[in-house]
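To start, the structure under review is shown below, and the notes come after it.
The values are calculated or read from the model by the stated rules, or taken from the named source; none is laboratory data. Remember, predicted model here, so these are calculated numbers, not experimental data. Cβ sites come from the backbone with ideal geometry, for glycine too, and all protein chains shown count toward neighbours. For accessibility, only protein heavy atoms count, side chains too; no ligands or nucleic acids. Shrake-Rupley method; radii C 1.70, N 1.55, O 1.52, S 1.80 Å.
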Amino acid sequence: MDITNPSKAWLGGRCYRILNPLATTTNTTSNINYAQDDDNYLYEKAQYEDEVECAAEQEEFQVEQLNNGKFQCVFPVASSYISYLIGTKGATRKRIENETYTTLRFPGKGQSGDVVISGRDIKTVRQARIKLEMLVGQARRRQPATHFLSIPCNTPNIQESFLEFKKQVLSVCGGNRGVEESIFQQPNKLHLTLCVMVLADERERQHALDVLARCPQEVLRKHLNGEVMKVELRGVEIMNDDPGEVDVLYARVAPLTWSHSLQNMAEEVVHMFVKAGIVTKEKEGVKMHMTIMNTKFRDASGGEDTDNKQQQQQPRVTFCARQILEEFQDFEFGKMEVEEIHLSVRHTASRSGYYSASGKIPVLPF
């Protein structure tokens, strides 16, 4: 590793230098009982320095001075993460306290509340807070996403075009390996995904809703400029480089002035969630796409990906998309007006057939 240009990681809306990036590699094996993990819970080998300068503006946490001269910081954290922060027999808690010369107070067992960090100066309190954020961030990344920001694309004309695409693909390419009806998306769940996130409790969900509620004034007003936002969906693309081994095939957002405005808007909306510590910043920007075929749907009821243990243990079976890409590279899925952005709940369905929403905002001319 070039120590003059170390790797960086985003945690809680802040950017950190990783001095030992190999030590931060996490085990993605599912169904781990974190509460029973030994006290070597990932963070202690990952050496992070304070924030480096980043292009994005960052939300800061508050450190207050008490009457006794000490400093204190309140860290809101979902109750499901408390056991990870304490560690086996309190080992993780003790280690953080010893390394940062701070005192950590946690909610009682079975109770919800905040972690309170107190210390003799601002720097040590900040260091303890950063270590706790690292632990929560690493645990969060091990969990399957619970919510995602989406733009519904299930207008009647888009659904009709999608069903025609599905019919033609099964007719023309149905003989290709892995191409079958079960891997197609449900027409009433067609959408653009902006980002995914883990919201572990009601407080985190409310935090996400608060950020979403600020988007119309802070983002949409600037991009709409009194006009309706439109999008055209045309052509197909895959998520990987090998058309013979494909898991996800999606409809492209056509590169028009409308979609360019949509891309900029999406980037800024997602940035607000990154800045608030809800979403982990990705290396690349928002990839605008409408998933139309996904091997996670294979043989699942209703064409929806599930999180059941049996499916997790079974490897995904790819499909060959070479002929689909050749025959349908310019397929017209249609145009639509962007009406809403949803905070959608994964693996759900509302009365309309679309995903249930924890909240939504209108995308209307200002």
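A few points about this structure:
- Close pairs from segment 223-242: first over 30 Å from E327 (Cβ atoms), partner surrounded by 16 or more Cβ atoms within 10 Å (Cβ to Cβ) and among the aromatic types (F, W, Y), Cβ under 8 Å, at least 6 apart: M229/W258
- Here M290 fits the description: modelled with pLDDT of 95 or more, touching a helix residue (DSSP H, G or I) at 6+ places or on another chain (Cβ under 9 Å) and open to solvent by less than 60 Å² (accessible area, probe 1.4 Å).
- So S150, is it hydroxyl-bearing (S, T, Y) and crowded, with 20+ Cβ neighbours inside 10 Å: yes
- Check on L212, open to solvent by less than 40 Å² (accessible area, probe 1.4 Å) and touching a strand residue (DSSP E or B) at 6+ places or on another chain (Cβ under 7 Å): yes
- Filter result for A145 (at negative phi, surrounded by 21 or more Cβ atoms within 10 Å (Cβ to Cβ) and at pLDDT below 95): no
- Of residues in segment 95-122 being in contact with a strand residue (DSSP E or B) (Cβ under 9 Å, 6 or more places away or on another chain) and in a helix (DSSP H, G or I), the one most open to solvent (accessible area, probe 1.4 Å): I122
- With respect to the conditions (1) out of contact with any helix residue (DSSP H, G or I) (no Cβ under 6 Å at 6 or more places or on another chain); (2) assigned to a loop (DSSP other than H, G, I, E, B); (3) in contact (Cβ under 8 Å) with a residue 60 or more places away in the chain, L249 falls short on a single one, namely (2).
- One residue stands out among those in segment 69-90 that are surrounded by fewer than 20 Cβ atoms within 10 Å (Cβ to Cβ) and in a loop (DSSP other than H, G, I, E, B): the one that is nearest to the chain's Cα centre (by Cα), which is A78.
- Residues that are of a type in the set (A, V, I, L, M, F, W, C) and either modelled with pLDDT of 95 or more or in a loop (DSSP other than H, G, I, E, B) (or both), drawn from segment 225-246: V228, M229, L233, V236, I238, M239, V246
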